[in-house]
Amino acid sequence: MRRPTRPGDLLRSTGRRLLRPQLLAFLPALVLAGYWYGGEGVLVLFAITMPLVLMVIGIFDGERPAGPRDGLTGLPTRQTLVEALDGALADFEGAGQSAIAMAIELDEAEELREHLGSAGYETVVRRIADRLTGVIRTHDTVVSLGSPRFGLAIVPRRGNAADVALGTADRIAEAVAEPISIGGSSVYVTASI
């Protein structure tokens, strides 16, 4: 079943397609051509209208608020994950591509909380959140699903989606497995992906 589209969705989707890196590579050539054929007036017009166009199609983050953030990790919440997956699925519609969603949960979280106390446990969760943010690519999304759970929206740009998912899961497992130093002792954490 196809979701109903909101008024700005078509404009944003078209804008995202037009402003991909491959097409943006032609931007300097267009500016030079505008200067060559139209003079300074074209450059001034371009300098004024381009930021407005980018804001309208939602390229700048200022168009919509960042959304609620988790108080402990500072990561976005579940709604951001849903929006990221919806956007990826809308972009891939009819293209034969797919988006990937992953859930990550720290193993034995209650035992970890009992052993380290609340402050130590929160430190571990924050460091894991930082590590997850460090291993994903810039166009992917990591969110907090409530301590000790995290969610990922992965948008494969190249290659097989299964290979991308497995590679990401391997990087996550390696990052989580690195010891965390708390109060002079090392804490080892594992996670289920």
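The values are calculated or read from the model by the stated rules, or taken from the named source; none is laboratory data. Computed from a predicted structure; not experimentally measured. The area values use the complete protein model at the heavy-atom level, side chains included, leaving out ligands, DNA and RNA. Shrake-Rupley method; radii C 1.70, N 1.55, O 1.52, S 1.80 Å.
Quick one: length gained pulling residue 192 to residue 82 fully straight, 0.36 nm per residue minus the C-alpha distance?
Using 0.36 nm per residue and subtracting the Cα-Cα distance, I get 37.5 nm.
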- Message: Report the gain in length on full extension from residue 50 to residue 133: 0.36 nm times residue separation, minus Cα-Cα distance, nm rounded to one decimal.
- Response: 26.8 nm
- Task: Pull out the extension gain between residue 174 and residue 42, defined as 0.36 nm times the separation in residues minus the alpha carbon to alpha carbon distance; nm, one decimal.
- Result: 42.3 nm
- Item | Heavy atoms of residue 107 accessible to a 1.4 Å probe, total area in Å² rounded to 10 | 50
- Item | Per-selection Rg to Rh, the range 110-193 - Cα, Kirkwood hydrodynamic radius | 1.01
